[in-house]
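Peer 1: Quick one: the structure is below, questions incoming.
The values are calculated or read from the model by the stated rules, or taken from the named source; none is laboratory data. Not measured: the values here are computed from a predicted model. Note: ideal-geometry Cβ built from the backbone for every residue, glycine included; neighbour counts use all protein chains shown. The protein model used for the area step is the full one, side chains on, heavy atoms only, and it has no ligands, DNA or RNA in it. Shrake-Rupley method; radii C 1.70, N 1.55, O 1.52, S 1.80 Å.
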Amino acid sequence: MNATQEKLKEQVQQALVAAFGADLAGVDPILVPASNPKFGDYQANVALSLSKKLGKQPRAIAGAIVEKLDVSEICEPPEIAGPGFINLKLKTAYLEAQLNGIQADPRLGVPAAKTPKREIVDFSSPNIAKEMHVGHLRSTIIGDSIARILEFQGHDVLRLNHVGDWGTQFGMLITHLRESDSENNSFWNSLYYEENNQPGFINSPSINIGDLVQFYREAKKKFDEDADFRERSRKAVVELQSNELSAKHAWFFLCEASRKEFQVIYKLLDIKLDERGESFYNPLLPGVVKDLEKSGLLVENQGAKCVFLEGFTNREGEPLPLIVQKSDGGYNYATTDLASLRYRIQQDQAKRIIYVTDAGQGNHFAQFFQVARKAGWIPDDVELVHVPFGLVLGEDGKKFKTRSGDTVRLRDLLDEAVSRAHTDLKTRLEKEERQETEEFINEVARVVGISAVKYADLSQNRTSNYIFSYDKMLDLKGNTAPYMLYVYARIYGISRKGDINFKELGNNAVLLQHETELALAKYLLQLDEVISSVEQDLLPNRLCEYLFELSQKFNQFYDRCPILQAEEPQRTSRLVLCDLTARTLKLGLSLLGIQVLERM
Ligand code: ARG
C-alpha cells in the first residue's frame, strides 16, 4: 500500500468511527485501487460488508461515512456508486504537490524501513571443483536483487555465499591432485599456516589444474574404477578432517582454483558476496548432534543418527528420518545447514534468513527448518524463508544445453549475450549511419548483454520455469532490459537536444493537464508500494512489471505531449516528468542489479 492509500484508509477508518461509534474502530475499510479508472483512483468497499452487522442498506452506510469523511486535501468530493461503493478521485493539485515533493528526494519518496533488521541472504552458493551451472546463475541474480532491495530499505544485510567446500568428495580430489603432482609431492608439506590458522601459500604450487570440471571428472573416474585409489581417498578425508597439513593445503589449493573461476562470473555480473562456505561450520557439527540428543529428538536408525519428520513419508507411508550423522560418523548437507542456522541466529543475530535455491531443494529446507523449530532453536522473532525458483529451459522446452548437448558454461553464456548485443548494436549503428568509437560500442554491448540476461531471469515469476532465449531477451521491444534502457537513453536524448540539465530544473514546476501526464504522475508515485511489496514477498518480478509499465506510460506521454516544443510553464513541468521517470528507472533497475546508459 502506498502512502496516499494509507492516508485515505486512515481517514475512512476515522469516518467510520465518527459515524457508527468506537465499536467499529478495528474494522478494515477495504480501501483498494479503483476497479475502473472511470470511477476514480480508489474505492472503499466497507459499507457493503457492514450491512448485515448494522442492519442498514449499504448505500445509507456509505452516505453516513461520506458525511464524516474529510479527504478534501487529497481527493475530489467522494462519490457513492452502485450498491454502496465510495469512490475517491485524487486531486490534480495533490498529485502535483507529491511529485514536487519527491523531486529533491534521492529515494524518490520511498520511505526506508521503520525498523531496520539484520537479514541474511544466502545465495549463489556453488560447489568447489564443480561446474557453476544455470541454477547457480538464477540464485546469483535473484539473490543479489533481493539483497539490493533490502539494503536500499535500510536493512543490515549479510550476503552469504554458502559454498560447497567440504565433504567426502575432497578425498578423491586431494588424492588425484597429489598423484598428478607427484614430482612435487613435498610441496604440499612445505607450506605454512597463517596466524588465524587459515592455510596460505608462500609460493604458488607448480601444478596448473586448468579445467577444474575436467579434473573432477578424472578424479571421479579413478575413484569409481580403482579400489586402491578409493582407499587412499578415504584416508585423505580423514587427514583433511584432522587438519593434516598437506591435505589441508591441497584442499585450500582446490578451493582457490574454484574461487578464481567463480570470481570471473561475479565480476561480469557485478555481484558482491561474502564467502562463508560449509567448511566454516565444521567445528560446530558435533554440537548440533549433541544438542539434538539432549532435546530428545535424536533416534538411532541402522547406525545413523536422525530425527523423524512430520509430514514427510516414504513410499510405504512410514515417517521419513532426517539423517544428521551417518553410520560412518560423517555429517551431511542438512547437519551443516542446522549448524549454520544456529550460528546465523546466535552470532549474526539475523532476524530473517533467506535461502535462494532451486525449487528442487524445497523439501531439504522444509525438513531442517522443522527440526530446528522442534529443537527450539528458532526464536519467535526470527523468520526463515526458502526462496525457490524454477528451471532454466532451452527454446525446445527441455533442459538448457548447448547444441552439442553439453551443459552450458556460464562464462560462455554471458559472453554470448554480450557478443549478440554487440552484433545488434553494429547493425543498428549502420542503419542509423552513426559513427561511434569501439570503446563506446563495447561498453554498450556489455551493459545490454548482461542486463538482458539478468532481466530475463528477474522478470519471470521466479517460481516458474523459464525459457532462455537470446533473441527474446535482447529484443528492443517488449518486456526486456534493452526496451527499458532505451527509454532511459531517450530521456537523456531529450536533455541533450534541448541542452537541459535535469538537476537545474526549478522546483514546484509540475503542472498536470494531459491525461497521459496524469497517468504517468500517478504511476511514478507507486514506487514505494512496489518496493515494499518486494521487500516482503521477495518477488523481484513485481518491480520488473512496474518498470515496464512505467516505461510504457512514459512512451504514451512522449507520443502525445510535445516536450521541448511546449510553451512554459508546461515545458519545464514536462521536463520534470522526464527527469522523475529517468530517475525512477535508474533506481528501479539498480535494485535489479542493472546499470543504465545515457546513450546507446
Ligand atoms: N551448494 C548448494 C547447491 O549447489 C546450494 C547451497 C544453498 N544454501 C544452503 N544453505 N543450503 O545446490
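Peer 1: Within region 32-62, can you find the residues that are in a loop (DSSP other than H, G, I, E, B) and farther than 17 Å from Gln14 by Cα?
Peer 2: Taking region 32-62 and keeping what is in a loop (DSSP other than H, G, I, E, B), we get 34-36, 40-41, 45, 55-57.
Matches in region 32-62: Ala34, Ser35, Asn36, Gly40, Asp41, Gly55, Lys56, Gln57.
Peer 1: Which condition number does Asp156 fail, the rest of (1) touching a helix residue (DSSP H, G or I) at 6+ places or on another chain (Cβ under 7 Å); (2) away from the ligand (no atom under 15 Å from the Cβ) being met?
Peer 2: Only one criterion in (1) touching a helix residue (DSSP H, G or I) at 6+ places or on another chain (Cβ under 7 Å); (2) away from the ligand (no atom under 15 Å from the Cβ) is unmet by Asp156, namely (1).
Peer 1: Condition first: open to solvent by 30 Å² or more (accessible area, probe 1.4 Å) and under 44 Å from the mean Cα position of the chain (by Cα). Now tell me which residues in region 54-67 satisfy that.
Peer 2: Val66
Peer 1: Any chance you could count how many residues in region 445-461 are in a helix (DSSP H, G or I) and surrounded by fewer than 21 Cβ atoms within 10 Å (Cβ to Cβ)? Outline the logic, then answer.
Peer 2: Start the filter on region 445-461 by keeping residues that are in a helix (DSSP H, G or I), which leaves 445-458.
Subsequent filtering for residues that are surrounded by fewer than 21 Cβ atoms within 10 Å (Cβ to Cβ) retains 446-447.
Here the count works out to 2.
Each row is one residue, and each column tells you yes or no for (1) in a strand (DSSP E or B); (2) closer than 21 Å to Glu278 by Cβ; (3) touching a residue at least 40 places away in the same chain (Cβ under 8 Å).
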{"residue": "Ala372", "(1), (2), (3)": "no, yes, no"}
{"residue": "His386", "(1), (2), (3)": "yes, yes, no"}
{"residue": "Asp412", "(1), (2), (3)": "no, no, no"}
{"residue": "Thr427", "(1), (2), (3)": "no, no, no"}
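Peer 1: Looking at Leu410, is it modelled with pLDDT under 95, within 16 Å of the ligand (Cβ to nearest atom), over 21 Å from Tyr488 (Cβ atoms) and surrounded by 12 or more Cβ atoms within 10 Å (Cβ to Cβ)?
Peer 2: Values: modelled with pLDDT under 95: yes; within 16 Å of the ligand (Cβ to nearest atom): yes; over 21 Å from Tyr488 (Cβ atoms): yes; surrounded by 12 or more Cβ atoms within 10 Å (Cβ to Cβ): yes.
Yes, satisfied.
Peer 1: Which one of these does Arg276 not meet: (1) over 30 Å from Leu177 (Cβ atoms); (2) touching a His at 6+ places or on another chain (Cβ under 8 Å)?
Peer 2: Unmet for Arg276, out of (1) over 30 Å from Leu177 (Cβ atoms); (2) touching a His at 6+ places or on another chain (Cβ under 8 Å): (1).
Peer 1: Could you tell me which residue of region 231-241 is modelled with the lowest pLDDT, considering only residues that are over 13 Å from Gly330 (Cα atoms) and open to solvent by 10 Å² or more (accessible area, probe 1.4 Å)?
Peer 2: Step one: filter region 231-241 for residues over 13 Å from Gly330 (Cα atoms), giving 231-233, 235-236, 239.
Remaining after also requiring open to solvent by 10 Å² or more (accessible area, probe 1.4 Å): 231-232, 235, 239.
On the way: Glu231: 96, Arg232: 95, Lys235: 94, Glu239: 91.
Checking each candidate, the answer is Glu239.
Peer 1: I'd like the full set of residues that are aromatic (Phe, Trp, Tyr) and part of a strand (DSSP E or B), limited to region 291-337.
Peer 2: Here is the first cut: in region 291-337, the ones aromatic (Phe, Trp, Tyr) are 308, 312, 331, 333.
Within region 291-337, Phe308, Phe312 meet the criteria.
Peer 1: Looking at (1) open to solvent by 50 Å² or more (accessible area, probe 1.4 Å); (2) among the hydrophobic types (A, V, I, L, M, F, W, C); (3) under 30 Å from the mean Cα position of the chain (by Cα), which is the only condition Ile323 fails?
Peer 2: All conditions are met except number (3).
Peer 1: Kindly establish whether Gln435 is in a loop (DSSP other than H, G, I, E, B), touching a helix residue (DSSP H, G or I) at 6+ places or on another chain (Cβ under 9 Å), surrounded by 14 or more Cβ atoms within 10 Å (Cβ to Cβ) and not hydroxyl-bearing (Ser, Thr, Tyr).
Peer 2: Values: in a loop (DSSP other than H, G, I, E, B): yes; touching a helix residue (DSSP H, G or I) at 6+ places or on another chain (Cβ under 9 Å): yes; surrounded by 14 or more Cβ atoms within 10 Å (Cβ to Cβ): no; not hydroxyl-bearing (Ser, Thr, Tyr): yes.
Here the answer is no, as Gln435 does not meet what is asked.
Peer 1: Among the residues of region 543-590, count how many are closer than 29 Å to Arg462 by Cα, of a type in the set (A, V, I, L, M) and open to solvent by 10 Å² or more (accessible area, probe 1.4 Å).
Peer 2: Number of matching residues: 1.
Peer 1: Please determine, by comparing only the residues of region 159-177 that are small (Gly, Ala, Ser) and either under 15 Å from Asp226 (Cα atoms) or open to solvent by 10 Å² or more (accessible area, probe 1.4 Å) (or both), which one is nearest to the ligand (Cβ to nearest atom). First the steps, then the outcome.
Peer 2: To start, the set of residues in region 159-177 that are small (Gly, Ala, Ser) comprises 164, 167, 171.
Retained after the next criterion (residues that are either under 15 Å from Asp226 (Cα atoms) or open to solvent by 10 Å² or more (accessible area, probe 1.4 Å) (or both)): 167, 171.
Working: Gly167: 10, Gly171: 18 Å.
The extreme case among them is Gly167.
Peer 1: Let me ask you something else. How many residues are hydrophobic (A, V, I, L, M, F, W, C), at pLDDT 95 or above and within 30 Å of Leu575 (Cβ to Cβ) when one looks only at region 459-494?
Peer 2: Qualifying residue count, region 459-494: 7.
Peer 1: Can you report the number of residues in region 1-22 which are within 15 Å of Ala47 (Cα to Cα) and out of contact with any Lys or Arg (no Cβ under 9 Å at 6 or more places or on another chain)?
Peer 2: Applying the first criterion (within 15 Å of Ala47 (Cα to Cα)) to region 1-22 yields 9, 11-21.
Then drop every residue that is not out of contact with any Lys or Arg (no Cβ under 9 Å at 6 or more places or on another chain), which leaves 9, 11-13, 20-21.
The qualifying residues number 6.
Peer 1: Please go through region 375-406 and give me each residue that is loosely packed, with under 14 Cβ neighbours inside 10 Å and within 14 Å of the ligand (Cβ to nearest atom), ordered by number.
Peer 2: Hits for region 375-406: nothing passes.
Peer 1: Restricting to region 103-130, and then to whatever is near the ligand (Cβ under 10 Å from one of its atoms) and open to solvent by 20 Å² or more (accessible area, probe 1.4 Å), can you tell me which residue is nearest to Gln595 (Cα to Cα)?
Peer 2: Step by step, filter region 103-130, then rank; the result is Ser125.
Peer 1: Output the number of residues of region 317-374 satisfying the condition of being over 30 Å from Val392 (Cβ atoms) and more than 11 Å from the ligand (Cβ to nearest atom). Steps first, please.
Peer 2: Our first condition is that a residue be over 30 Å from Val392 (Cβ atoms); within region 317-374, this holds for 317-319, 321, 323-331, 339, 342-343, 345-349, 351, 371-374.
Then keep just the ones that are more than 11 Å from the ligand (Cβ to nearest atom); that gives 317-319, 321, 323-331, 342-343, 345-349, 351, 371-374.
Matching residues across region 317-374 total 25.
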